[in-house]
Amino acid sequence: MKFCQLDTVVIGGGIVGLSTAIGLLQAGLEVTILDGADSDLRASHGNFGLIWLQGKGAQYGAYAKWTSKAVNLWPEFAKLLNEETGVDVSLRQQGGYELFTDEGEFSRFANELSDQQKILGADFEYEIMNGSSMRKKFPKIGPGLVGATFSPHCGDVNPLKLLTAMRIYFSKLGGRLISEFKVSHLLPFADEFIIKSPNNSQIIANRVVLCAGLGTTELGKQLGFKTEVHSQRGQLLITEKILPTLPFTSSTLRQVDEGGIQVGGTNEVVQYDDRETVKITAKLAHHAVTIFPSLKDVKIIRSWAALRVQTPDGYPVYAKSPLHKNAFLITCHSGVTLAAVHTDCLASWILDKNNAPDLGGLDETRFAL
Amino acid sequence: MKQDLRFSRYASNLEDISFTYNGEKCTAKAGDNLATAVLAAGAIATRITTIFADERAPYCMMGSCFECLMIVNGIPNCQTCMIEVKNGMIVESGFGKRKLDLEVAS
Ligand SMILES: Cc1cc2nc3c(=O)[nH]c(=O)nc-3n(C[C@H](O)[C@H](O)[C@H](O)COP(=O)(O)OP(=O)(O)OC[C@H]3O[C@@H](n4cnc5c(N)ncnc54)[C@H](O)[C@@H]3O)c2cc1C
Ligand code: FES
């Protein structure tokens, strides 16, 4: 049996674990990430790459404000990653559209943005446009678009370059990543934690931060956390590479920096099944040609699905264990958008610093019976 | 174009096909795979990559690597290993990203 004594251990090496770990390294801690198996379901490897504020937390002020803070931090965060790693994550934050082909959905979303405006005030700008004014502005849009909303705070990144950049930066700051370490047991012992994997490796840590995506519920229970996450499948398509042509970024259609046009935005509640289906991929293709009919001859070269990590109410959870000092649980749905604020603020919250953000509205007491 | 000596054909009484590759007349047999026909006609690099502009040629011959992309009858990015050669086909080497206009009214 192998033993190893470590200071801070982050469990999970996806975007959430990496952004948290980077913040802790910047704060001067010694950090090790234990990341599970390559066969794990990993949202960070299959997402759409949006940096998005529209609609986020329209009914929940704490989330709206936290997301607003994140989008404002993004330009600086992308610059830092580029300087430190040489990887350009291709941040484009010139605003983004939500595109609607259904009147009911359009008016519901417009109402949500007005609620979000009440929460964020001057920190939130948006516009509502009907189909014909969109067609006037973008003449190649088809007759099926009934309306759109626009917010200048939104944008996108290349999510795989983001993951690469964060891994490089994490190592550069002295972080250690142990992959293929699937934690099965987390045992509090005195003020420390014994971390075990099925192949009998054992680690003793002073501090554990759970960022295990869909593995969070199982591990959390062992430390007295109540948060339960579930999966929600999203499917995506990407076209052949095209010279830059899509005139904007939207939450369902965006052109990635390398040229492909990505189509996404579906939601299905399924268990742990990350296969794509013909029914949904056909729906995505249909949406794309409804918005831009001239996409009809463009080839789709790949389709895939990935599982979102969802909390019961869809808002993030930042929780300190009720039983054990130095045990933390972090999980959220929009880990790409929030990466900037996670890197910037979570270390001070974990370390109880004076400048720690107030995350009271986002702890797990809201799930208590 | 000169037939490439990397390929030798089993005796075949199938119909002769002619097509052009980058403007040059080439011959093949009915039923030939288009990527093979282009290689057999002597081509070396059949496309350049979209990002780094490296030269590439058909590789897996089974539809998964996307190295065999060429322009067939004016349609860019065709996977030629998945297409049968036809009489009169106009084939050009792949040149990078497709052009498409989503901005200006037509
Ligand atoms: C289709 C789709 C589109 C999306 N689009 C966007 C978007 O546009 N913008 C946005 O902001 N967000 C988007 N998201 C959400 C975003 O991708 C996720 O919020 C984010 O990737 C979650 O990161 P994570 O680190 O929590 O989870 P994951 O990436 O799932 O990582 C969890 C990690 O924990 C490890 N792990 C699990 N169990 C254990 C264990 N027992 N021991 C050790 N390690 C373990 C796994 O191996 C994995 O590496 C999208 C998600 C999907 C699925
Ligand atoms: S040669 Fe690989 S896809 Fe055609």
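The values are calculated or read from the model by the stated rules, or taken from the named source; none is laboratory data. It should be emphasised that the depicted structure is a prediction, and the values quoted were computed from it without experimental measurement. We place every Cβ from the backbone using ideal geometry, glycine too, and count neighbours over all the protein chains shown. Surface areas here come from the heavy atoms of the whole protein model, side chains and all, with no ligands, DNA or RNA. Shrake-Rupley method; radii C 1.70, N 1.55, O 1.52, S 1.80 Å.
Computed quantities for the displayed model
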| quantity | calculated |
| --- | --- |
| Within the stretch B:53-94, tally of residues that are more than 11 Å from chain A (Cβ to nearest Cβ) and either among the aromatic types (Phe, Trp, Tyr) or assigned to a helix (DSSP H, G or I) (or both) | 4 |
| Hits in the stretch A:96-106 (condition: surrounded by fewer than 17 Cβ atoms within 10 Å (Cβ to Cβ) and in contact with a strand residue (DSSP E or B) (Cβ under 8 Å, 6 or more places away or on another chain)) | A:GLU103 |
| Residue that is outside any helix (DSSP H, G or I), open to solvent by 10 Å² or more (accessible area, probe 1.4 Å), within 14 Å of chain B (Cβ to nearest Cβ) and not aromatic (Phe, Trp, Tyr), where the choices are A:THR266, A:THR245, A:THR239 | A:THR239 |
| Condition broken by B:GLU84, with the remaining ones in (1) modelled with pLDDT of 95 or more; (2) away from ligand 2 (no atom under 15 Å from the Cβ); (3) acidic (Asp, Glu) satisfied | (2) |
| Qualifying positions in the stretch A:158-200 - open to solvent by less than 90 Å² (accessible area, probe 1.4 Å), more than 15 Å from A:GLY215 (Cα to Cα) and aromatic (Phe, Trp, Tyr) | A:TYR169, A:PHE170, A:PHE193 |
| Sole exception among (1) open to solvent by 40 Å² or more (accessible area, probe 1.4 Å); (2) within 26 Å of A:LEU186 (Cβ to Cβ) for A:ALA356, by number | (1) |
| Residue within the stretch B:20-30 that is within 16 Å of ligand 2 (Cβ to nearest atom) and open to solvent by 20 Å² or more (accessible area, probe 1.4 Å) present | no |
| Residue under evaluation A:PHE124, criteria (1) farther than 14 Å from A:SER250 by Cβ; (2) in contact (Cβ under 8 Å) with a residue 24 or more places away in the chain; (3) open to solvent by 30 Å² or more (accessible area, probe 1.4 Å), criterion not met | (3) |
| Selection from the stretch A:248-263 of residues that are in a loop (DSSP other than H, G, I, E, B) and either within 14 Å of chain B (Cβ to nearest Cβ) or small (Gly, Ala, Ser) (or both) | A:PHE248, A:SER251, A:VAL256, A:ASP257, A:GLU258, A:GLY259 |
| Count - residues of the stretch A:308-353 that are surrounded by fewer than 23 Cβ atoms within 10 Å (Cβ to Cβ), among the aromatic types (Phe, Trp, Tyr) and under 25 Å from A:ILE195 (Cβ atoms) | 2 |
| Among the residues listed as A:LEU29, A:LEU6, A:LEU24, the single one being of a type outside the set (Ser, Thr, Tyr), in a loop (DSSP other than H, G, I, E, B) and more than 9 Å from ligand 1 (Cβ to nearest atom) | A:LEU29 |
| Test: residue in the stretch B:7-29 that is in a loop (DSSP other than H, G, I, E, B), more than 25 Å from A:LEU295 (Cβ to Cβ), of a type in the set (D, E, K, R) and more than 14 Å from chain A (Cβ to nearest Cβ) | yes |
| Close pairs from the stretch A:305-323: first assigned to a strand (DSSP E or B) and among the charged types (D, E, K, R), partner open to solvent by less than 20 Å² (accessible area, probe 1.4 Å) and more than 11 Å from ligand 1 (Cβ to nearest atom), Cβ under 7 Å, at least 6 apart | A:LYS320/A:PHE328 |
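The rows are residues; the columns are (1) surrounded by fewer than 18 Cβ atoms within 10 Å (Cβ to Cβ); (2) within 16 Å of ligand 2 (Cβ to nearest atom); (3) modelled with pLDDT under 95.
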position: A:ILE11; (1), (2), (3): no, no, no
position: A:ILE22; (1), (2), (3): no, no, no
position: A:LEU29; (1), (2), (3): no, no, no
position: A:LEU41; (1), (2), (3): no, no, yes
position: A:PRO75; (1), (2), (3): yes, no, no
